[in-house]
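Starting off with a structure, shown below.
The values are calculated or read from the model by the stated rules, or taken from the named source; none is laboratory data. Treat the numbers as computed from the prediction; the structure is a model and nothing was measured. Every residue, glycine among them, receives a Cβ derived from its backbone with ideal geometry; neighbour counts consider all protein chains shown. Just the protein is used for accessible areas: all its heavy atoms, side chains included, with ligands, DNA and RNA removed. Shrake-Rupley method; radii C 1.70, N 1.55, O 1.52, S 1.80 Å.
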Amino acid sequence: MESVITVSNENKELSTKNSLVELPLEIIIYILEFLSLSDRISASQVCHLWHMASKDLKLHGSEVVVLHDDLTRALKVFENSLGTFLNFLFNNVELGGKLTVFWDRFCPQMRSLSIYSCDVSEKTFVDILLRCSRLEILDVSGCRELLMSGRVLEQKCDIQLLSKTLVTLRELRLESNRYLSDALFNRFVAIAPNLEDLSLTGCQISFHSGLCKKFYPGNMSKSGSIMASESVLTFRNILQYIVSKAEKIRRLGFGSTLIDNAALSQLAEVPALNLKALDLQFCEQLNNTGILRLTECQQTLVKLELGFCSHISDLSFSAICHNLQNLSKLNMEYCLAITNIGVAELRHLRKLVDLNLSHCEQVTGEGIEKGLCSYVNPHFQRLYLTALSLDERTVCRIAESLPGLIHLDLGWCFNAVTDTSIQAVWQHQVWLRSLNVTSCDKITDAGLTGLGLRTGRSEQTKEQKNRTEVTSLVEKEINGIHWIGNSGVPHTDPLHRISLRSRAEQDIVNDAKRKEAVLQMCEDQNTEEIENGFSLVRLRGLQELDLCGCNRITDVSLKYAFNFLELRHLDLSRCQQVTHIGISELASKNPSIETLIMSYCHNISDDGVINTVKHLSRLKRLELQVSVTFG
């Protein structure tokens, strides 16, 4: 006889709730790994079990606690907190005796410690580090008071104790320290016996051999017997350390220094040195000679930062593309000598996933298409093309060739970002998490909502054809052509073709007609039809969107094209057709927004701001700047 079990709807709901709550701890932790910090905080309030899961150390590896200005209130919060915190950044604060309890509690589990422009004594600094037995990253940048006296870490016993304590320290950053000398440098690296990553970006390093002779008048070949200078920081001394630790060093930073071709060649030729990452941004002394030698000797490079090196040309770019086959990240921002000839060679970098060519004035769509769009690359993730001279066709080719992009920056690409090209982005790059189209003022509601535009497909459904026809009629009406009934016979009226308005006034009228037409089409469609089209809402995982200066966008887009669970950052500044009505619609459908910028949006009323604040419970930053004119 078969047994029959009847479960009511109420019992089903209880069963579902209990099954969620009683998930194994490991499964809950695994789920939380996919969530952002804000979402994890909300999830931790589900129940005691989920709260326990949210404390797992693996969930806090990328979270950084930033403490600045007055620490009085912050310290009280941490005294009563049961949270897990592994990474701390102190900015422009005094690290004195009042933090003793804080250090005792958090230093033993601390993974990274960053001290920016802080006032801390030599003894306090040593005491802090002696508590950090699990520290992996130490960043001491711009600490003038700490280094000025030259006495920090001067006790050999302190160095010995710290070298045994900081065995897990892998990354040391000593950036923007004008008082860093050879002696101080040697002491810092001595406390980190297993160092892999060293950054001296922004430090005043002497690369001239004549200065070395002045401060090291002894026999240069017997450098081991000469005391390190306490006055200057020399590349010679740094190079000696790199040579001694070549098998361990994997990442170096010499950005914003006077490193020249000779010094870079010496660095590249160090025996047993196999660099994975090198930062040479803002190094104006470099040109093709040094870069060519680098690409010949350091072919293990995975990340290379050459932004703002204006003397690097296509010769270097070609060598990078042919010799550094393992490269995954390349930054050539503001390399003004780069042209399409060099960029076309990007097709040889098959492992590249992150590229920055912003503000390379001589690069156009031709080079981008040859270098990046010669084949479909689903693994490419981040592309920065700010202020390049591109066209609509290039953006469509990028969308088709790089379907796996998660970050795309097309800001200030005025002619390239249009309703047609942005729809190609919606169609192909559905994994986008961040999109920047600042000042691309050719985008309209039609592009964001995806209604009535050419989609680029060879075949269209009947409904899509109808939308295209409607939009075509609207555009012709805007241009002064009126149609009689359904016959399709044009009727031209000279009175309607002649306008006494200025060009700016006519643009306003045209935008109003276009808005009315798109609004009508949106209202005629149901939500499912809009989402199935090539609309902004296809980007389900969108987290950051910058529409600053896209002045043709109106409330229609905010109502019909914005419906995201993960959208956290939205910039609508200078979108002057947006009103409080659209902002209220936006706030009700996008609950995760944390940063909302609406500067110079003159149609935002008090009611709009109130409704926004009511709906956006996670809002942390709200900008409502307006221009004031004094008569």
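Could you go through segment 237-244 and let me know if any residue there is more than 22 Å from N274 (Cα to Cα) and either open to solvent by 20 Å² or more (accessible area, probe 1.4 Å) or at pLDDT 90 or above (or both).
Within segment 237-244, not a single residue is more than 22 Å from N274 (Cα to Cα) and either open to solvent by 20 Å² or more (accessible area, probe 1.4 Å) or at pLDDT 90 or above (or both).
Here is a further query. Just a yes or no: is a residue in segment 215-233 touching a Leu at 6+ places or on another chain (Cβ under 9 Å) and not aliphatic (A, V, I, L, M)?
yes
If you don't mind, there's one more thing I want to ask. Would you point out the residue of segment 18-71, among those that are hydroxyl-bearing (S, T, Y) and closer than 23 Å to E594 by Cα, that is surrounded by the most Cβ atoms within 10 Å (Cβ to Cβ)?
The extreme case among them is S54.
Name the helices (runs of 4 or more DSSP H) wholly inside segment 208-300 in which the number of residues that are over 21 Å from E171 (Cα atoms) is 3 or more.
The qualifying helices (runs of 4 or more DSSP H) are 209-215, 261-268, 288-297.
A quick yes/no check of all residues on (1) closer than 24 Å to S38 by Cβ; (2) over 26 Å from the mean Cα position of the chain (by Cα); (3) at pLDDT 90 or above:
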| site | (1), (2), (3) |
| --- | --- |
| D69 | yes, no, no |
| F88 | yes, no, yes |
| N92 | no, no, yes |
| Q109 | yes, yes, yes |
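Within segment 171-196, can you find the residues that are of a type outside the set (A, V, I, L, M), surrounded by fewer than 20 Cβ atoms within 10 Å (Cβ to Cβ) and touching a Lys or Arg at 6+ places or on another chain (Cβ under 9 Å)?
E171, R178, Y179, P193, N194, E196
Now a separate question. Only one of (1) surrounded by fewer than 21 Cβ atoms within 10 Å (Cβ to Cβ); (2) in the same structural domain as L275 (by the TED database); (3) out of contact with any helix residue (DSSP H, G or I) (no Cβ under 8 Å at 6 or more places or on another chain) is not met by R382, so which one is it?
For R382, the exception is condition (2).
When you look at A263, is it closer than 20 Å to T295 by Cα, of a type in the set (A, V, I, L, M), surrounded by fewer than 20 Cβ atoms within 10 Å (Cβ to Cβ) and assigned by the TED database to the domain that holds G290, yes or no?
no
Tell me, which residue of segment 271-281 that is open to solvent by 10 Å² or more (accessible area, probe 1.4 Å) and hydrophobic (A, V, I, L, M, F, W, C) is nearest to the chain's Cα centre (by Cα)?
So the residue we want is A277.
Within the set of pairs 6 or more residues apart or between chains, which connect a residue that is of a type in the set (K, R) inside segment 28-53 to a residue that is surrounded by 14 or more Cβ atoms within 10 Å (Cβ to Cβ) with Cβ atoms less than 7 Å apart?
Close Cβ pairs satisfying both conditions: R40/L32; R40/S54; R40/L59.
So V120 ticks every box in (1) open to solvent by 50 Å² or more (accessible area, probe 1.4 Å); (2) β-branched (V, I, T); (3) out of contact with any Asp or Glu (no Cβ under 6 Å at 6 or more places or on another chain) but one. Which box is left unticked?
That leaves (1) as the condition not met.
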